[in-house]
Amino acid sequence: MSNELAPDGPELQPDLMGDFGNEEAASEEASHLLPAIRELPQDKEFVPAAFFSMRLADGSPGNPPRTLGELLGASLFQSLADVHLFGRAADSEPWLEVEAVSPEPVQLIVAQELFGVSGQPMAEDDLGMFEMVAGRIAKLLKRDKQPMTENAAGAAARSAKLAALKGRFADRCALVVAGSFDAAKVIDCCLCLGMKRRGDQFGWFGSVGDEPTFVVRGEPTALAAGARGAVARVHFSFEPVKVAQPAKTLERMFTACNYFVRRLGGKITRPDGSAPPDSVARGEDPALAAAVKKITDAGLRPGNVVARRLA
């Protein structure tokens, strides 16, 4: 968890996210209080439990090395919707996901997601097709396929086991600002922090991806555009399985809660009304640790494409 508190990189939060825009004006600019969460190398690390994979023979990249997009062709790379490539320069390094713009690595793994966007387990025939795709990549890179340690039937069985975990990781990490607030002022705080409207809620898009890192909603008055009325509880929450750096996300969420308290008053609590531990300011919380452990015990990693689909 310590690596998740590394220094932050450049601002990544976009001006617009899909249909969500800043149609309402903020009374002040406070988005600097929530700097974007910088993507870390381990966020792109290979997760064996999530994939059916084939390793290719080591290569000898040119000097300078060509990019994988040049070697494989743009059309092939664009078609790899559920196939990922992981590379490294030596056995001592971790396997990290590579992209079309990445230089050709010395070592390469071709990997197929074991739980796809369809929400259904992968069939043995589908995984057989993956072996053909991996073979084509090997041919284009002029590398031999290494003997696979698992066959398609075994990978299909693992896929079924993953599918059986669907819903098991749907835990939410939540904080509440409790008090008596005007809905318009709650909305203003969201806008000041750079959040984007999501119907009658707000989302903070502070990390890589097209989903909000955490969301904010009001109770009993929803935060719809132009809302007026009393808000007794402002809920902040995220799903640990869907973010690559849960501790950093909790830290940001706590910072947002403090901003609301400074502007509006009230106090920060857990959803059940109890006081959160002081450690949440550092992104540490026993409930969050338990949710993350459940994910890692299954051989997965928070924020991984397959883990997110199992929420």
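Each row is one residue, and each column tells you yes or no for (1) assigned by TED's automatic domain parsing to the domain that holds Asp297; (2) outside any helix (DSSP H, G or I); (3) surrounded by fewer than 20 Cβ atoms within 10 Å (Cβ to Cβ); (4) not small (Gly, Ala, Ser).
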{"site": "Ala49", "(1), (2), (3), (4)": "no, no, yes, no"}
{"site": "Phe52", "(1), (2), (3), (4)": "no, yes, no, yes"}
{"site": "Gly62", "(1), (2), (3), (4)": "no, yes, yes, no"}
{"site": "Gly69", "(1), (2), (3), (4)": "no, no, yes, no"}
{"site": "Phe77", "(1), (2), (3), (4)": "no, no, yes, yes"}
{"site": "Glu93", "(1), (2), (3), (4)": "no, yes, yes, yes"}
{"site": "Glu97", "(1), (2), (3), (4)": "no, yes, yes, yes"}
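Looking only at the stretch 53-71, decide whether some residue is among the basic types (Lys, Arg) and more than 23 Å from the chain's Cα centre (by Cα).
yes
For the structure I just gave you, tell me whether Val305 is β-branched (Val, Ile, Thr) and surrounded by fewer than 20 Cβ atoms within 10 Å (Cβ to Cβ).
Spelling it out, Val305 is indeed β-branched (Val, Ile, Thr) and surrounded by fewer than 20 Cβ atoms within 10 Å (Cβ to Cβ).
Only one residue in Val208, Val176 is aliphatic (A, V, I, L, M), surrounded by fewer than 24 Cβ atoms within 10 Å (Cβ to Cβ), assigned by TED's automatic domain parsing to the domain that holds Ser31 and not in a strand (DSSP E or B), so which one is that?
Val208 is the lone residue from the list that is aliphatic (A, V, I, L, M), surrounded by fewer than 24 Cβ atoms within 10 Å (Cβ to Cβ), assigned by TED's automatic domain parsing to the domain that holds Ser31 and not in a strand (DSSP E or B).
Considering only the stretch 186-200, state which residues are of a type outside the set (A, V, I, L, M) and either free of Cβ contacts under 8 Å to residues at least 12 places away in the same chain or in contact with a Leu (Cβ under 6 Å, 6 or more places away or on another chain) (or both).
Filtering the stretch 186-200 down to residues of a type outside the set (A, V, I, L, M) leaves 188-190, 192, 194, 196-200.
Matches in the stretch 186-200: Asp200 only.
Considering only the stretch 246-295, state which residues are acidic (Asp, Glu) and either outside the structural domain of Trp204 (by TED's automatic domain parsing) or assigned to a helix (DSSP H, G or I) (or both).
Glu251, Asp278
Hey, Ala225 hits all of (1) within 27 Å of Arg282 (Cα to Cα); (2) surrounded by fewer than 18 Cβ atoms within 10 Å (Cβ to Cβ); (3) among the hydrophobic types (A, V, I, L, M, F, W, C) but one; which does it fall short on?
Exception for Ala225: condition (1).
Going through the stretch 217-245 one residue at a time, which ones are assigned to a helix (DSSP H, G or I) and over 20 Å from Lys196 (Cβ atoms)?
Those that are assigned to a helix (DSSP H, G or I) and over 20 Å from Lys196 (Cβ atoms): Pro240, Val241.
The values are calculated or read from the model by the stated rules, or taken from the named source; none is laboratory data. Keep in mind the model is a prediction, meaning the values are calculated, not measured. All Cβ positions, even for glycine, are placed from backbone atoms using ideal geometry, and neighbour counts span all protein chains on display.
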